[in-house]
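A short worksheet on the structure shown next.
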Amino acid sequence: MRTRVEILRGPEKPDLTLEPFLRSAEEARLIRLLQSIPAIRKFAVVFDRRGCLCCHSREFPHAGLSLCTKCRRQFYYEVKKAERDIAKGEV
Ligand SMILES: [Zn+2]
């Protein structure tokens, strides 16, 4: 297994701009280890500047991915439902 330094200096450094995106807590933790502080804070800053990416409100707090708690929960539900529909062959 490569170390964090080897991954960051390697020629095939992955683009983590939109990460962590709907990852498990453990996956998100590992991805954050590879990211700079600005890269880690980017979603919160976008939320502060524009409000929630989905509803554009600041009524609810930031929950990650530039989404408020309400929209992130709804988006997660919709993604999981899409996965179930695909698995059933309905899509
Ligand atoms: Zn929202």
### Task
Identify all residues within the range 48-76 that are open to solvent by 60 Å² or more (accessible area, probe 1.4 Å) and in contact with a Ser or Thr (Cβ under 7 Å, 6 or more places away or on another chain); write none if there are none.
L53, F60, P61
### Query
Hey, does the range 45-52 have a residue that's within 11 Å of the ligand (Cβ to nearest atom) and either assigned to a loop (DSSP other than H, G, I, E, B) or polar (S, T, N, Q) (or both)?
yes
### Query
For the range 35-47, which residues satisfy the criterion of being β-branched (V, I, T) and open to solvent by less than 60 Å² (accessible area, probe 1.4 Å)?
V45, V46
### Task
Would you please list the contacts, defined by Cβ atoms under 7 Å and residues six or more apart or on different chains, that run from a residue in the range 12-40 that is closer than 17 Å to L67 by Cβ to a residue that is of a type in the set (V, I, T)?
E19/I31; P20/I31; L22/V79; R23/I31
#### Entry: the range 15-34: number of residues that are loosely packed, with under 11 Cβ neighbours inside 10 Å and not aliphatic (A, V, I, L, M)
4
### Query
Just to be sure, is C71 in a loop (DSSP other than H, G, I, E, B) and either on the phi < 0 side of the Ramachandran plot or more than 12 Å from the ligand (Cβ to nearest atom) (or both)?
no
### Message
For a quick check of your reading of the model, give me the residue pairs whose first member lies in the range 64-80 and is touching a residue at least 40 places away in the same chain (Cβ under 8 Å), whose second is open to solvent by less than 50 Å² (accessible area, probe 1.4 Å), with beta-carbon atoms closer than 6 Å and at least 6 apart or on different chains.
### Response
L65/F43
#### Entry: Selection within the range 65-88 - small (G, A, S) and in contact with a Phe, Trp or Tyr (Cβ under 6 Å, 6 or more places away or on another chain)
S66
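The values are calculated or read from the model by the stated rules, or taken from the named source; none is laboratory data. No experiment lies behind these values; they were computed from the predicted model shown. Using ideal geometry, Cβ is built from the backbone for each residue, glycine included, and neighbour counts are taken over all protein chains shown. Please note that ligands, DNA and RNA were not included when accessible areas were found on the heavy atoms of the full protein model with its side chains. Shrake-Rupley method; radii C 1.70, N 1.55, O 1.52, S 1.80 Å.
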